[in-house]
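Report on the following structure.
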Amino acid sequence: MRIPPLPLILLHLFGAGCAATSPPEKFLGEYLAACKLNLLKKSVSIAAASGDHGLTFRIAVPEYNTQVATDILEKLRAEYPAYTFLPADFFEPAPGSPPGILIRLHPQLAIDGPETIAFFVSISVDSANVTMYRMQVNAQEEVSGLSVWSRYQLQ
Amino acid sequence: MSQMISRFLLLTAIGILFLCGCAFPSENVSMVDRLRDVQVQSAIGLIDIVKEELGDASCRNEIEFQISLFHLENSHPTEREKITARLRRLYPAYSFLDREAADGCFADSRSGRRIVIITIAETAVEGDGLISCGGTITYGSLGSSGFTFFFRENSGRFLLEKIQIANAIG
């Protein structure tokens, strides 16, 4: 068997070292979807902590691709099996349906820093009063900051 | 004895080289940089549409582009400046406004040029490595046009796959 030349062996070794520490590449879309899931989890915990308003959540997300929105809802259902999650096209109570907690992830987002993106989430636990939050996510897809952006009433 | 020492030295060299590879910083572009890249690519798409509709000469001599970010904050100067700076480098013959024009103001008193507002709107995840970004061109009294740009991500770069006309406001 022919032994490869030494420079080639050294190059492979160096490459192996690089590969051993490089994190797997993630698409921007995968990162944003993971951030949105964590933002919604945070929103569910805020809404659930604000009192006994039922266990039905209507979630409005800005994804036009319904499969992406469905995947996010499926993950929420898996995370909170006791709650019901329904998709919502609009941020308002569905006519004729029992009241549920409304959560809307706004399509607007803002680059906040070298590794921080700010999203906006509206939550209404009583289908009348809305609290809009500004939530930041970091490079690890975690919710790293939260503040109340505004309060308003549904028309 | 000398053979053992040379083997020991060889193994040590191999170990050091592997550790060097581990320590070598991998060239990872941050997600924020990628998101900004999507926004810049969308702005380029919008400017190219204006160029096609009004002509290159008009874009060079009669128009001042204003970049606007569709955030819930009225303005996000640092981000707007970063994106505008990149567009200035890409379109050196075109004029870009440093500030946001006042609401409803489409003629800049300083330059006498007509202001065309390029608004970069929401970004949505489309799945399978596709990202979409909405954008609007506002021509003042001539109305606005909305577009959605679809990009496919490939090794951290975004390739324009298709453009959809979102709306046209006369």
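Please treat every number below as a calculation from the coordinates, not as lab data. Please read all numbers here as calculations on a predicted model, not as lab measurements. Every residue, glycine among them, receives a Cβ derived from its backbone with ideal geometry; neighbour counts consider all protein chains shown.
A few comments on the model shown:
- The phi-based Karplus calculation (6.51 cos²θ - 1.76 cosθ + 1.60; θ = phi - 60°) puts the 3J(HN,Hα) values of the range B:52-62 at 5, 7, 9, x, 5, 4, 5, 5, 6, 10, 10 Hz, whole numbers, x for Gly and Pro.
- Spin-label pair B:L54-B:I5: with each label point 7 Å from Cα along the Cα-Cβ axis, the two points sit 7.8 nm from one another.
- 5 angstrom amide H check on A:A88, placed H, neighbours 5+ away: A:I59, A:A60, A:V61
- Using θ = phi - 60° and Karplus 6.51 cos²θ - 1.76 cosθ + 1.60, couplings along the range A:122-138 (whole Hz; Gly, Pro as x): 9, 10, 10, 8, 10, 6, 9, 9, 10, 10, 9, 10, 9, 10, 9, 10, 9
- Given B:K51/B:K162; A:K36/B:K51; B:K51/B:K82; A:K26/B:K82; A:K41/B:K162, the pairs whose alpha carbons are separated by over 29 Å: A:K36/B:K51; A:K41/B:K162
- For the range B:115-132, Karplus couplings with θ = phi - 60° (6.51, -1.76, 1.60), whole Hz, Gly/Pro x: 8, 10, 8, 9, 9, 9, 9, 6, 10, 10, 8, 9, x, 6, x, 9, 10, 10
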